[in-house]
Amino acid sequence: MDIRRVEHPVVRRAAEGLHNFNSRHPWSHNDHFHGWILANLPAHRGTAIDIGCGQGELVAQLATRFAQVRGTDLDAGMRAEAVQRCAGLANVTIADTQLTELDGPVDLITMIAVLHHLDAEQALIDIKRLLNPGGRFMAVGLAAPASIRDTAWDLASAVTNPLIGLIKHPRPARGGPVPPPFPVRDPRLSFDELHAVVRDIMPGAEMRRRLAFRHTIAWTKPNLEA
Ligand SMILES: C[S@@+](CC[C@H](N)C(=O)[O-])C[C@H]1O[C@@H](n2cnc3c(N)ncnc32)[C@H](O)[C@@H]1O
């Protein structure tokens, strides 16, 4: 059950109230996970690629830690913003190159809220091919709620969302709700469905449910493939 789409009038009113509150105390559910990525970088830091880099915030942070950083995005507007954000960072390139066209090997591939825009199975196969042995894939994703467990996590996210908003953005923002700055899409696969694909292609990957309506995936390519 998707708690954001329940039509009961009482739930609807509560959801509208929460939405208005969250709009006054906004925070990025995506940028929130940059700290998790930066705290878990691989030991070798030659090249990193952020797929679907959006406005380039993570690319800019990776640029101080890797020799080369590539950001890719399908959307021309996003690429223009990422180029502007990374102006002056000589080790950064931003392009629209697709996963199938990228060449490796690379030490880190990141994806924040992007895997559900792609064919997950093909994307994971490409990422596995591109990574150096010892290289790491770190993703933050969205999944479609399908089980009671999914709904419980969504409820926990809905409850903690305004609390985290109050901490991160205590002074109420002026104006109404601001639309997402990047192209968005609803996820099709549930957590369990995606987990099965991840396990199949990246054995040993750690996939965890998180607050903020997100999950994380972390996988280090083994040094010796069986
Ligand atoms: C929800 S946004 C997330 C942006 C950014 N990662 C962030 O955390 O703010 C998804 C991004 O993926 C990009 N995208 C969608 N399909 C893509 C593809 N095939 N290759 C590269 N980027 C893609 C979109 O243009 C959009 O900027």
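The values are calculated or read from the model by the stated rules, or taken from the named source; none is laboratory data. None of these values were measured; they are calculated from a predicted model. Note: ideal-geometry Cβ built from the backbone for every residue, glycine included; neighbour counts use all protein chains shown.
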Single residue of segment 149-197 satisfying the filter (acidic (Asp, Glu) and surrounded by 16 or more Cβ atoms within 10 Å (Cβ to Cβ)) that is farthest from Trp219 (Cα to Cα) = Asp154
What single numbered condition from (1) of a type in the set (Asp, Glu); (2) under 29 Å from Arg70 (Cβ atoms); (3) at pLDDT below 95 fails to hold for Asp154?
-> (2)
Quick check: is even one residue across segment 13-25 modelled with pLDDT of 80 or more, surrounded by 15 or more Cβ atoms within 10 Å (Cβ to Cβ), within 16 Å of the ligand (Cβ to nearest atom) and small (Gly, Ala, Ser)?
-> no
So which of Gly134, Gly141 ends up being touching a strand residue (DSSP E or B) at 6+ places or on another chain (Cβ under 8 Å), surrounded by 14 or more Cβ atoms within 10 Å (Cβ to Cβ) and on the phi > 0 side of the Ramachandran plot?
-> Gly134
Give the number of residues within segment 23-43 that are within 20 Å of the chain's Cα centre (by Cα), assigned to a helix (DSSP H, G or I) and not aromatic (Phe, Trp, Tyr).
-> 6
Please specify each residue of segment 93-146 satisfying the condition of being within 21 Å of His34 (Cβ to Cβ) and acidic (Asp, Glu).
-> Asp107
Unmet requirement for Ala113, which otherwise passes all of (1) in contact with a helix residue (DSSP H, G or I) (Cβ under 6 Å, 6 or more places away or on another chain); (2) closer than 28 Å to Leu99 by Cβ; (3) not basic (Lys, Arg) = (1)
So, in segment 79-98, of the ones that are among the aliphatic types (A, V, I, L, M) and crowded, with 22+ Cβ neighbours inside 10 Å, which residue ends up farthest from Ala60 (Cα to Cα)?
-> Ile94
Going through segment 142-162 in order, the residues found to be of a type outside the set (Gly, Ala, Ser) and touching a His at 6+ places or on another chain (Cβ under 9 Å) are Leu142, Trp153, Asn161, Pro162
